[in-house]
Amino acid sequence: MNPFDWEEEFPEVFENGGFDAVIGNPPYVRQELLMNIKDYLKQHYDSFNGKADLYVYFFEKGISILRDDGIISYISSNKFLKSNYGKKLRRLILSSMSFNKYYDLTNEDVFSGATTYTSVFVFSNRIVKNNKILIDEDYYFNQNELNDSFWSFYPENISNLRKKIERNGTLIKDFEDINIFYGIKTGLNKAFFIDETTKNNLINEDNKNSEIIKPLVVGKNIKPWLIEYDNQYLIYTERGININEYPSIKRYLGNFKKELTPRNKGQKIGRAKGSYKWFELQSGGSNKQLLENPKLIYPEIANKIFVTYDDKGYYPNAKCFIITSETVNLKYLSAIFSSKLINFYFKFLATPLRGNYYNLSKIYVEKIPLILLPETEQQLLIELTDRMMELNRNLASCKTPKDEKILKLQITKTEEKINQLVYELYDLTGEEIAIVENEVGE
């Protein structure tokens, strides 16, 4: 590598301590394209994380070439605010900079054709006690409210409610028996995902094939309180399978063998490097019992947080997540997670995407604070979950506008009961409920 040497090229600037101002739009280059320079980045940048995209290092470099009291202003991706890979950069900023201004442009098409979730950041190279950040030219946020876990900027009354919810609950990740898993990653969906006709042909050819052909759901199939199954199937060739017991499946997958073979020998065509065999699933399919037992499923991308109960044994793809527990009632969790209160709180955690959608990855969902009632006190929320699932099934199959109107009214009334019970559970006042209702809306 031949990196640019700022001090050598601008000696007169650094004789005076550095630049007065650094203004820029760092390039957005995904970390997968940085493989050949990651060793260098690791050696030279305190903010290094193997998953960090290139713009992160431009922040650190910009800070490092400022003089005392110098100002840096970037228009850049805002994903580092909440992502795990941004933790070191957040720590660096808090330890050395005053955060002056923040403008959230997530829902603005700033760079046509580029999906980068943009914001404008302004920092000063000095520490100011009790510094306040101007947010969207609208209100001020205390910098000392920030730590290196994740950053969200909201007015004081909303921030105080967030803290109250946190105090009242226990983070999902701190429950030993609540587990979140990725769905199944095939590495080549066109080989493993099959339709009804292909499924029937394979089973007619050899009935034993039915053992490894499973009902498949993807992100779009998962709705609040309802799974809209559309007769898609997964060829479930888990690690260690004896594929010779399924010769017709082996022949079928053989049509894609070149694309299915892991690129362990430097091939340009094939799936990601790994220890799996060409006919096996790439990842996420190692626990058949987990997949077939009752579980909660939710999509990776949605406009709100919800988790949907499944007792039909659906196999979700990698655009979904699974929640399991042997001791916590999953229907109780479904009611809590799908409530307005948790949707209000989740906005603090998740990475916002364009169009008011959110990334619901495990790293965010596991930070939801849960109040777990004794089993005897969970029953009403469990019954309301059953009721919501029944109403939504009926709505999906109703035939007349009149029936649809009645069902939608019943759904609204049942949701209101769930929301009210969750408000009471987290001890919200009338004023706090009004904040949630205003922020979340319908």
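The values are calculated or read from the model by the stated rules, or taken from the named source; none is laboratory data. Keep in mind that this is a model prediction, so the values were computed, not measured. Heads up, the Cβs are rebuilt from the backbone with ideal geometry, glycines too, and the neighbour counts pull from every protein chain shown.
Among (1) modelled with pLDDT under 95; (2) of a type in the set (A, V, I, L, M, F, W, C); (3) closer than 29 Å to residue 148 by Cβ, there is one condition residue 398 misses while meeting the rest; what is its number? Only one criterion in (1) modelled with pLDDT under 95; (2) of a type in the set (A, V, I, L, M, F, W, C); (3) closer than 29 Å to residue 148 by Cβ is unmet by residue 398, namely (3). For residue 313, the test of being assigned to a loop (DSSP other than H, G, I, E, B) and within 18 Å of the chain's Cα centre (by Cα) is failed.
Residues that are surrounded by fewer than 18 Cβ atoms within 10 Å (Cβ to Cβ) and at pLDDT below 95 within the range 278-303 comprise 283, 286, 287, 288, 289, 290, 292, 293, 301, 303, listed in sequence order. For the range 288-306, the set of residues classified as within 20 Å of residue 233 (Cα to Cα) and in a strand (DSSP E or B) consists of 295, 296, 297, 298, 299, listed by residue number. Screening 411, 382 for residues that are under 25 Å from residue 229 (Cα atoms), free of Cβ contacts under 8 Å to residues at least 40 places away in the same chain and among the β-branched types (Val, Ile, Thr) leaves exactly one candidate, 411. Restricting attention to the range 333-381 and to residues that are among the small types (Gly, Ala, Ser) and in a loop (DSSP other than H, G, I, E, B), the residue that is surrounded by the most Cβ atoms within 10 Å (Cβ to Cβ) turns out to be 339.
Scanning the range 188-201 for residues that are of a type outside the set (S, T, N, Q) and closer than 20 Å to residue 299 by Cβ yields a total of 2. Scanning the range 71-100 for residues that are more than 26 Å from the chain's Cα centre (by Cα) and among the aliphatic types (A, V, I, L, M) turns up 71, 72, 97.
The set of residues in the range 373-393 that are within 30 Å of the chain's Cα centre (by Cα) and polar (S, T, N, Q) comprises 378, 379, 385, 392. Within the range 283-294, can one find any residue that is acidic (Asp, Glu) and touching a residue at least 60 places away in the same chain (Cβ under 8 Å)? Looking for residues that are acidic (Asp, Glu) and touching a residue at least 60 places away in the same chain (Cβ under 8 Å), one finds none in the range 283-294, hence no.
Within the range 60-114, count every residue that is at negative phi and in a strand (DSSP E or B). So the count comes out to 18. When only residues in the range 105-127 that are touching a Ser or Thr at 6+ places or on another chain (Cβ under 6 Å), surrounded by 17 or more Cβ atoms within 10 Å (Cβ to Cβ) and closer than 16 Å to residue 25 by Cβ count, which is modelled with the lowest pLDDT? So, considering only residues that are touching a Ser or Thr at 6+ places or on another chain (Cβ under 6 Å), surrounded by 17 or more Cβ atoms within 10 Å (Cβ to Cβ) and closer than 16 Å to residue 25 by Cβ, the one modelled with the lowest pLDDT is 116. Restricting attention to the range 169-217, the residues that are in contact with a Lys or Arg (Cβ under 8 Å, 6 or more places away or on another chain), of a type in the set (A, V, I, L, M), surrounded by 14 or more Cβ atoms within 10 Å (Cβ to Cβ) and more than 14 Å from residue 284 (Cα to Cα) add up to 2. The criterion of at least 1 residues that are within 27 Å of residue 295 (Cα to Cα), of a type in the set (S, T, N, Q) and over 21 Å from the mean Cα position of the chain (by Cα) is met by the following strands (runs of 3 or more DSSP E) wholly inside the range 162-264: 232-235.
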